[in-house]
1. Quick one: which of 230, 221, 183 is surrounded by 10 or more Cβ atoms within 10 Å (Cβ to Cβ), modelled with pLDDT under 75 and of a type in the set (Gly, Ala, Ser)?
2. If residue 267 meets every condition in (1) in contact with a helix residue (DSSP H, G or I) (Cβ under 8 Å, 6 or more places away or on another chain); (2) modelled with pLDDT under 85 apart from one, which number is that one?
3. Would you point out the residue of region 370-388, among those that are assigned to a loop (DSSP other than H, G, I, E, B) and within 18 Å of residue 296 (Cα to Cα), that is least open to solvent (accessible area, probe 1.4 Å)?
4. Kindly evaluate residue 320 against the criterion of being open to solvent by 40 Å² or more (accessible area, probe 1.4 Å), touching a residue at least 24 places away in the same chain (Cβ under 8 Å) and in a helix (DSSP H, G or I).
5. Only one of 299, 328 is of a type in the set (S, T, N, Q) and in a helix (DSSP H, G or I); which?
6. When you go through 204, 259 one by one, which is the residue that is of a type in the set (Ser, Thr, Tyr) and either within 30 Å of residue 95 (Cβ to Cβ) or loosely packed, with under 13 Cβ neighbours inside 10 Å (or both)?
7. Which of (1) under 25 Å from the mean Cα position of the chain (by Cα); (2) buried (at least 24 other Cβ atoms within 10 Å of the Cβ); (3) over 24 Å from residue 221 (Cβ atoms) does residue 354 not meet, given it meets every other one?
8. Does residue 333 satisfy the criteria of being open to solvent by less than 50 Å² (accessible area, probe 1.4 Å), touching a Leu at 6+ places or on another chain (Cβ under 9 Å), over 18 Å from residue 373 (Cα atoms) and not in a loop (DSSP other than H, G, I, E, B)?
Amino acid sequence: MKGFRRLAAILVIVLLAQTFRADGDGAMVSASTTQQQIQQKEEEKEALENELNQTQQDLEGLREEHSSLQGELNNLNTQLSEVSQNLEELESQISEKEQDILEAQEALAQAQEKEAWQYELMVTRIRYTYEHNETDILNAILRMGSFADMLNAAGYFEKIAAYDQDLMAEYTQNRQLIEEEEARLQSDRAELENLKTQAEAEKSKVSGLISQTSNSITQYADQISDAEAAALAYEAEIKQREEDLDYLRKKLQEELAMSQAAANATWRDISEVTFEEGDRYLLANLIYCEAGGEPYEGQLAVGSVVVNRVLSALYPDTIVGVIYQSGQFSPVASGRLELALASNKATESCYRAADEAMSGVTNVGNCVYFRTPVEGLSGINIGGHVFY
């Protein structure tokens with residue numbers, strides 16, 4: 001991001017400004033008067049705040065991209081579900097077509113057997129007719145013992161002729177049936193090949209969607225990682241500037257006065273607080289940002305400070321109001337809390353600390369502030385923080 005390059009340039013300027021020069025006697029003296037140093041520190045802090053504002057804008061763009069990517073992933077998941085369902089339907093249709101082809105082939109084989117049998121009967125009948133001419137047939141009828149026998153014999157030969165005609169008609173019909181079955185079989189095969197082609201295309205589409213989803217997830221993870229690193233760098237620099245010279249003394253005086261005022265103000269009991277849905281998630285991720293690398297006692301202490309402010313009449317009366325109160329928690333200003341919330345960075349111990357703090361447990365009494373230890377500040381020291 002452009003903001004990162006600007007930060008690097010400013011850090012170089014800061015380092016140069018902090019360089020000392022030697023006088024003629026070899027003693028080290030400041031490169032500027034105390035007043036100039038104070039002014040310089042203020043200018044450095046202002047420059048860093050400007051860079052922080054730019055970073056926050058960049059992070060806002062990243063959050064919008066995250067939202068867009070999440071929508072895209074949801075859409076891809078829906079498409080994947082539809083493709084999978086379509087593939088199942090195609091496979092089912094292909095299976096049905098294969099079964100139809102097997103049945104058609106069996107019917108075709110049976111029709112061919114019947115055709116061969118009928119054809120053999122026709123050949124036998126025709127051969128007999130040619131081998132025994134009509135004179136022999138007539139003589140056979142005349143040799144009958146009575147007129148009734150003659151009529152019966154004539155009727156018999158007539159039925160044979162009619163049967164031959166029926167066989168011929170049946171052969172013609174069966175032949176047509178065979179031709180139709182063959183045509184249908186070819187059509188089924190063509191349709192089956194078309195369905196296979198569609199199935200392959202759908203499989204290719206699924207593979208492409210999976211690849212696209214994986215790439216989107218990887219890209220999002222990389223951007224989150226870079227943005228979180230940048231936010232941490234800005235937080236460290238801003239904290240350093242805040243701890244410089246009169247700024248720190250003034251801020252400490254204000255915080256100590258506020259802490260004393262909070263101690264003397266009205267406090268609610270934890271039973272009077274109604275926590276909203278999402279408070280636990282928000283508090284656990286703030287604890288992660290402020291004390292994720294601290295021992296559990298340090299994580300509980302941070303959670304206790306937030307809940308103490310909720311109980312105090314001098315601060316907002318909700319978890320959300322306390323955490324997002326202007327200028328109170330640096331991970332909020334830098335955007336690192338939003339990044340943590342986007343991917344739920346909070347660990348199991350952070351959630352446990354949030355649960356205990358929200359139940360009224362505190363290991364820092366009524367403290368409402370914490371910071372890294374500095375000279376002249378007394379309080380409850382836990383891990384890398386002092387609570388006051």
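The values are calculated or read from the model by the stated rules, or taken from the named source; none is laboratory data. The structure displayed is predicted, hence computed values, not measured ones. Methodologically, a virtual Cβ is constructed for each residue, glycine included, from the backbone with ideal geometry; neighbour enumeration extends over all protein chains shown. For the accessible areas, the whole protein counts, side chains as well, though only heavy atoms, and no ligand, DNA or RNA atoms are used. Shrake-Rupley method; radii C 1.70, N 1.55, O 1.52, S 1.80 Å.
1. Details: 230 fails: modelled with pLDDT under 75; 183 fails: modelled with pLDDT under 75.
221 is the lone residue from the list that is surrounded by 10 or more Cβ atoms within 10 Å (Cβ to Cβ), modelled with pLDDT under 75 and of a type in the set (Gly, Ala, Ser).
2. Among (1) in contact with a helix residue (DSSP H, G or I) (Cβ under 8 Å, 6 or more places away or on another chain); (2) modelled with pLDDT under 85, the lone unmet condition for residue 267 is (2).
3. 384
4. Details: open to solvent by 40 Å² or more (accessible area, probe 1.4 Å): yes; touching a residue at least 24 places away in the same chain (Cβ under 8 Å): yes; in a helix (DSSP H, G or I): yes.
Taking the combined requirement at face value, the residue satisfies it.
5. Working: 328 fails: in a helix (DSSP H, G or I).
Of the residues listed, the single one that is of a type in the set (S, T, N, Q) and in a helix (DSSP H, G or I) is 299.
6. Numbers: 259 fails: either within 30 Å of residue 95 (Cβ to Cβ) or loosely packed, with under 13 Cβ neighbours inside 10 Å (or both).
Result: 204 is the single residue among 204, 259 that is of a type in the set (Ser, Thr, Tyr) and either within 30 Å of residue 95 (Cβ to Cβ) or loosely packed, with under 13 Cβ neighbours inside 10 Å (or both).
7. The one condition residue 354 does not meet is (1).
8. Details: open to solvent by less than 50 Å² (accessible area, probe 1.4 Å): yes; touching a Leu at 6+ places or on another chain (Cβ under 9 Å): yes; over 18 Å from residue 373 (Cα atoms): yes; not in a loop (DSSP other than H, G, I, E, B): yes.
Yes, satisfied.
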